[in-house]
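Notes follow once the structure below has been shown.
The values are calculated or read from the model by the stated rules, or taken from the named source; none is laboratory data. Just so it is clear, the model here is predicted, and its values are computed rather than measured. Cβ atoms come from the backbone with ideal geometry, glycine included; neighbour counts cover every protein chain shown. For accessibility, only protein heavy atoms count, side chains too; no ligands or nucleic acids. Shrake-Rupley method; radii C 1.70, N 1.55, O 1.52, S 1.80 Å.
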Amino acid sequence: MTTLSVDHLRKRYGGTTCLDDVSMAFEGPGIRALLGRNGAGKSTLLNIAANRAFADSGSILLDGENVTENEAAQER
C-alpha cells in the first residue's frame, strides 16, 4: 500500500507564513481533495510535493522515502 506522508511542513515567503507545521497522511489509492480559502497554502503544498518549491522545514515522504530532489520517488 502506498503512503504519502507530510510531516511538520513549514513554508514562508518573506514575512508571510504559507504552511505552518502541517502534518497529514494519505494511504492507499483514491481521490483526495484539498479544500480551503484562497491563500490557504493548497498550491504551495502541492508544489513542494512536486519539487517545484522547497519547504523551509519538514518533509514529504512517499513510502518512507523523501520526495525532495528524488527522481525515482517523483516518477511514482
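Under the convention that each Lys and Arg Cβ holds +1 and each Asp and Glu Cβ holds -1, the size of the dipole of the chain around its Cα centre is about 460 debye.
In the chain, the portion of solvent-accessible area held by carbon and sulfur atoms comes to 49 percent [1.4 Å probe, whole percent, DNA, RNA and ligands not counted].
Applied to segment 11-17, the Karplus parametrisation 6.51 cos²θ - 1.76 cosθ + 1.60 on θ = phi - 60° returns per-residue 3J(HN,Hα) values of 9, 10, 10, x, x, 9, 8 Hz, with x for Gly and Pro.
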